[in-house]
Every structure is written in C-alpha cells, then in structure tokens.
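Take a look at the structure set out below.
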Amino acid sequence: MRIAAVIERDLRRYLRNPFMMVASVLLPLVYLVVIGNSFQGELKNMPIAVVDQDNGPYARRIIELLQAMQEGTKAIKIYRLNTQREALKLVKKGSCKAALIIPLNFSEDVVRNLKPQLGLFLDNTDSVSSKGISSLISQSLSFLKSEYVPVREEQNKTQLRLVELFKKIDYDSSLVPGAVVMAIFMGTLISGAFNFVMDKFLGVHESYLSTPLTKKDIVAGMIFSGVFITTTMSITVLIGSMLITRLKLAAGLVSFAWLVFTIVLSALGILSMMFIILGRANHPRVVGMIGGFLNVIFFFPSGAVYPIESFPNWLKAFSKVNPEAYAVHALKSIIFKGAGFAVIKGDLLYLAIFTGIMLTIATFTFKRTM
Amino acid sequence: MGYAVEVQNIVKKFPPATVAVNDVSFTIEEGEIFGFLGPNGAGKTTLIRMLTCLMLPTKGSAKIKGYDIVKEPSSVRMNFGVVSQAMTSDYDLTGWENLDIYGKYYEIPGKERHERIKYLLDIVELKERAHDLVATYSGGMRRRLELARGLIQKPYILFLDEPTIGLDPQSRRVIWELLQKIRSETKLTIFITTHYMEEADLLCDRIAIIDYGKIVALDSSTNLKKNIGGYDIIEVSLSQTKPEITEKLKILAGVKNIVQKDSTLRIYVDDAARAMPVLIDELKKMNVSILYLTVHEQSLEDVFIHYTGKSIREGESQKVSFLIGPGFPRRF
C-alpha cells in the first residue's frame, strides 16, 4: 500500500502537468525527424565545381556520368566553371565541397593509356563529405570506358547477387528504435530520481521522510511510477514514429508485447541507474547537466544511429555494458525482423541483470535521512 | 507514567566544527505542550530533525514514547506527526489528495482514512477548499493543511517546527487557536519550536530557552519570569556608562538586577513606581543625564535577554533571508 501511495503521488503530479506530458512525447519524435533528416544515411546534394580543360570525349563522358549521378541519386550537384582558380575559390569559400579538374589532354592520355589523371581538390575539413565525394568520383571513373550495358551476363565474370533477408527498411524507419530508446532515456530523466531531487530542492521530502515509508518504499515507488510514465511515453513515441515512417511491425501483436516488455525492462534498469547517480543531488541543475551528458554517452554508442561494429575497440567495450545498446538491439530485432524470445533473450537477460544490480544498489545507497 | 519524550545529552555536530546542538537533555510529559524558544540558528530545527529521525545524533540518545530514535526509527515514525518549518505540502495536488496520500503512507484503511480526512479538514476549516489544488491556497491555508496532515494518523506526539513562520498576524492567530482547540480535544503531546515570544507564552506549558545549541533555561513561562528576579523592568538610556554607575544603582533599594547593553541599562525592580524616583535622584547625584526611560512588565523577551545577554530579534535578523517563502528552497 505504501509503495502504491508513492506511485500515486508521482503519477498525479505528472498528470497535472500537461506541458510535461506533451513535451516528453513530442521531443523524441522531433529527435527522429531531426536525426533522420540530418544524417539521411547517405550524402545528398554535395556541391562540386567541375572544370573541363580538356573538352575531349572522355571528359564529356565523366561529366555525363556526374550528371547522371546528379539526376539519379542526387548525391551531388555540379557547378560548371571555366578555370581552376574559380573552382578552388568556391571550395575555399565553402560554397563547394570539392573541385574536379579535368586537365588538358585527358582524353588523349586515356586513349593512349598514358596514366590519365584528374585533379580532385577536397574540402577535407569536412571528412564525411570529402570521403563520400572521393568515393563517388572513383566509382564513376570505373564506368569511364563502359559504353554499353551488357545484355547477357558475362560468363567469365564473378557475379554478386544481393539477397535482402528482411523487408526493405528505409533510413527514417531504421531510426525508430533509436527514437524509442531516446524516449526511454528522457522518461527516466523527468521521473524517478528527478522527482526526488525536485522534492529535495523544494524541501518537500522532509515531510515524507518523517513518515513510516521505508527506503524500499520510496525508491521502488518512485522507480515504478517512473517506469509507468516512461513506458507510456515510449509506446506513444513508438506508435507516433511508426505512423510518421509508415513502418509496420514484422510480427504483429506478439512483436508489440515483446516491445512493451523490452521497454519496461530498459526503463526499469535506466531509472534504477539514475537513482544511484542522482539520488544524492540537491539541485535540478545537476540533473540537467548529468542528464545531458549521459544521454550522449549512452545514446550514440548504442547502435541506434551507427553500427557498433564500426566503433573503435574502447567504444565497443563501453557498448558491451551500455544498457541502451541491448535495448536498441532488442527493439531492432523485434521491429524489423519480427524476432521472438529466442533472438532477444540475451538482450533481455542482460537488461534483467543490469536492472537487478542497479535496483539493489539504488535501494542500498539511498539516504533515508537528511 | 512514562515520558513522552526523553532526551539525554544529545549532541549534533556538522563538519568541520559547527556544534548545532550541544549536550541537550530534557523530558516532556504526556499531554504537555513543550516549547523550544530561541533565535534562528540556535539548534531548534536540528533538534526536531533528530527527534523525527531525519538526522542521526552525533552523541547522546533520545526516546519517543519509549522508542529509541536511533535503534527503533520505524516505531518512532509511527508515533509522531510533524509540521516542518518549510511548506512541504504538494502544491500540484489538492488538499484532499495531500491528506489521502499521507494517510496511505500510514496504511490507514480507506473508510477510516476518509472519515479522518473529513474531520481534519473540518477542524482546520478547509472543507470548502478540499478539492482545490494547494497551489491556489494562501500561506496560512497551506499551513493549516500541513497541520491536518501532521494529525492524519492520530499521532502520539506532534512536532511543530516554527509553525507560524512567514505568516501574517491574523493567520498566526488562527493557527494558535487551532492548536489550543486540538490540545483541548485530544490531550495530544505537542513539541513546538518558535522564536515568537507571544507564541511560546500563549501555547506552552513549559519552555526551554535555547541559544547556540544549549538549553539555558527551562521552566513554565511564569516561573521563568519569576526566576530572573523582579517583576518590572526600567530600561534607561544614559549619556555615559561606567561600571561605577551600575554598581551604585545595583545597591539601591528594590533593585534586583541590572543588565547593560551599550549605553542602555535594563534594571529589574520589585516595583517600578517606587524605584524610579530613587533611581533618577541617584543618577542626578552622579551627574548622569537620562536620554530616555521606559517601564514595562517582564516578558519572555526579558527572560531571553537575561539568559543570553541579547534580544531574540538580533539572532533572528541574522538568518531571516534563510526562508524566502513557502516551498522555496533553502539551498542554492
């Protein structure tokens, strides 16, 4: 009954704050839209200055290939210029990300196999763009001498056949698990330990610390109310982001049940961890500062945006203990692959162990006195 | 009959070297209203926090209804209600919800809890506003609600830490009347800390005067006044003050005691009407001019000055910025 009363108090206070309720759902959705549109998974509209000093057939061929790329994948945007000087000026100014110079006699060198060379001046202060452009140009050069597309497969060449195991997931949809994990984190930040810090800040905690509530009642009550708030928020964000990205669950209601379970377990673990970290804080400013920091260090190495396998070893090691990494893996498996218990059991086991340890430490270290 | 509260040589130190409560001992009898009178920073709140199990004492011991505050905190907590110095009701809940949730903390069954809430809201005259958010309450209403909340579980003893601080005189008087009513109806033991003389004088059966963490006097209001000697006080400001002047005045007939503060003498006499002409003559003989002279009956303020050598308001002004307003933080 006492734990239920602690939960009731927190929930009533949360429900009396409509701004908080709306913001806590909207913000993770905005994250999804902003992250989705800022990264987009691949480069788009990279401005490239092109100077054709050759005017030969192969120079025209390169420009045609670049124009095809401009019209097709829209990865680049070409600006034709007359001199190398003008082109470099635009790169230095930041108006173009690269300048491709096709030198005089380029076509002739191609025909004669005289090591034809192109100049690609890159704005290497932006490593993502410069690497991407360099790769795109190299790719287009491989088609330089291909004048036609073969009708029959060439029997002497190794063919690569792509087989996609799961249904096509576009980039925005791939961020849905990340948005849900973000919602879980935000939920844990505005409930649970945060309520205790606010009570301390306002001096309200003195009154309920004087009641027969035990450590367990206070910690568990606040964490459970946080789980309720966080789960509600996260499910709303999940449904909202699925509607935005037109994503459908791979295995219907069963998937949904596993999703809810994963969200509850993740929220419980993170809320307990927050109680350990913030349980002794006296000012909401501390929550803001630590919350912002933790959000970055837990979210980005979670695999929500970028694959963990690509991380350096030390970051991979951190991901091994990062609960959000397990939450993201489980959510991705359920949402995109329709995975059941057999696939996500490892994630759930880790989250359960993490939660158990955190909840025990949170209760043990909670200061019942002032 | 056992004591409601037994405190023995209790000490509370805060690092590095602050002694907030310094070797304090006292007992409170069941049904008694016991007051702790002292300026802010005297150690009153620290003492209440130790007795309500919010702080552990550095040394010494205390028992509430026979339960040790360190060894049996759960039993202690079941037996007291408390109204803290800061406003601690949840302003985003209604008055009813505040009481209901605290009733659940004490595991009072639903029907009984609801009856109790109705009764308490009636007593503190908040029945009409029961379902309004506390955020819409005035400071006095919020205090009354917190008083009701402190009584929700029918406590054995009620701790009130500066219950009328920050309230206007009218709201203060309402709280006093409420406390007198509750006391007359329930015979509840009440421990009250205050720095308002009038509050202590009006409500308390016995008063402990505390300064710098130590009890400097403890008795009923009447006895405290009697014990400092004399019934009237002549306060006189002089053109000059020398030890010889004080010594000569001390041996005059009817003079019980003299306390000097700067150029002002507080002269404790049996009868001011008789003592005054003699006093004025003596000062004339010594060629000392009187700048002003007032006569008044002895009050707790005089008792406080007698024991501490200063007015309680001097101590009060040092920390008045400590409490900004209801519900506001005390730490930044």
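Backbone geometry of segment B:19-29 corresponds, through the Karplus equation with coefficients 6.51, -1.76 and 1.60 at θ = phi - 60°, to 3J(HN,Hα) couplings of 9, 6, 10, 10, 6, 9, 9, 5, 10, 10, 8 Hz, x marking Gly and Pro. A simple spin-label model places the labels of residue A:256 and residue B:290 9.2 nm from each other, with each point 7 Å out along Cα-to-Cβ.
The equivalent ellipsoid of segment A:202-290 has semi-axes of 33, 15, 10 Å, largest first, where each one is the square root of 5 times an eigenvalue of the Cα gyration tensor. Using the Cβ-Cβ distance between residue A:125 and residue A:55 with R0 set to 56 Å, the FRET efficiency works out to roughly 0.95. Phi angles across segment A:120-132 convert, under the Karplus curve 6.51 cos²θ - 1.76 cosθ + 1.60 with θ = phi - 60°, into 3J(HN,Hα) values of 10, 8, 10, 7, 7, 6, 10, 5, 5, 5, 5, 5, x Hz, Gly and Pro given as x.
Compactness check for chain A: Cα Rg over 2.2 N^0.38 Å is 1.32. Can you classify segment B:1-133 as rounded, prolate or oblate using the Cα gyration tensor, where a ≥ b ≥ c are the square roots of its eigenvalues, rounded means a/c under 1.5, and otherwise it's prolate if a/b beats b/c and oblate if not? It comes out prolate by the Cα gyration axes.
Among the listed pairs B:181/B:214; A:216/B:71; A:200/A:367, those with a Cα-Cα distance over 22 Å are B:181/B:214. Sequence-ordered 3J(HN,Hα) estimates for segment A:12-18 from the Karplus curve with 6.51, -1.76 and 1.60 and θ = phi - 60° stand at 4, 5, 5, 5, 7, 10, x Hz, glycine and proline given as x. Secondary-structure-derived ellipticity at 222 nm for chain A, considering helices only, amounts to -21000 deg cm²/dmol, per-run term -39500 (n - 2.57) for DSSP H runs with n ≥ 4. Which values of log₁₀ I(q)/I(0), to two decimal places, follow from the Debye formula for segment A:173-322 at q = 0.12, 0.21 Å⁻¹ with a uniform point scatterer at every Cα? So the normalised log intensities work out to -0.57, -1.30. By DSSP, the beta bridges lying fully in segment B:133-268 are antiparallel in about 75 percent of cases. Net length available on complete extension from residue A:134 to residue A:4 is 40.7 nm, with 0.36 nm assigned per residue and the Cα-Cα distance removed. Longest segment of chain A with no GluC sites (Glu not before Pro) in a DSSP loop having at most 12 other Cβ atoms within 10 Å? Answer from the scan: A:165-370. With R₀ fixed at 30 Å, the C-beta to C-beta distance from residue A:19 to residue A:290 puts the FRET efficiency at about 0.85. In loop segments of segment B:1-85 as defined by DSSP, the trypsin sites (Lys or Arg not before Pro) with at most 12 further C-beta atoms inside 10 Å of their C-beta are B:71. Let a ≥ b ≥ c be the square roots of the eigenvalues of the Cα gyration tensor of segment A:1-133; is it rounded (a/c under 1.5), or, if not, prolate (a/b larger than b/c) or oblate? Prolate, since a/c reaches 1.5 and a/b exceeds b/c. Remark on residue B:211: its backbone amide H falls under 5 Å from those of B:216, a criterion applied only to residues 5 or more positions apart or on other chains, H modelled at 1.01 Å from N.
Of A:325, A:255, A:283, which is farthest towards the positive pole of segment A:248-370's charge dipole, taken about the Cα centre with +1 and -1 on the beta-carbons of Lys, Arg and Asp, Glu respectively? Final value for the positive-end residue is A:283.
For residue A:239 and residue B:205, what does the FRET efficiency come to when R0 = 56 Å and r is the distance between their Cβ atoms, rounded to the nearest 0.05? According to the calculation, E is roughly 0.30. Kirkwood analysis of the protein assembly as shown, using all unique Cα-Cα pairs, places the hydrodynamic radius at 31.9 Å.
Cross-link pairs exceeding 31 Å in C-alpha to C-alpha distance, out of A:92/A:316; B:44/B:154; B:261/B:284, comprise A:92/A:316. Its Cα gyration tensor gives chain B an equivalent ellipsoid. The semi-axes, each the square root of 5 times an eigenvalue, are 43, 21, 18 Å from largest down. Remark: mean inter-chain Cβ contacts per residue of A:279-288 equal 1, using a 10 Å Cβ-Cβ cutoff to other protein chain atoms.
Taken together, the values in this text are just the output of simple stated rules run on the coordinates, not laboratory data. A quick note: this is a predicted structure, and the numbers were derived from the prediction, not measured. FYI the Cβ positions are ideal-geometry reconstructions off the backbone, even for glycines, and counts take in every protein chain you see.
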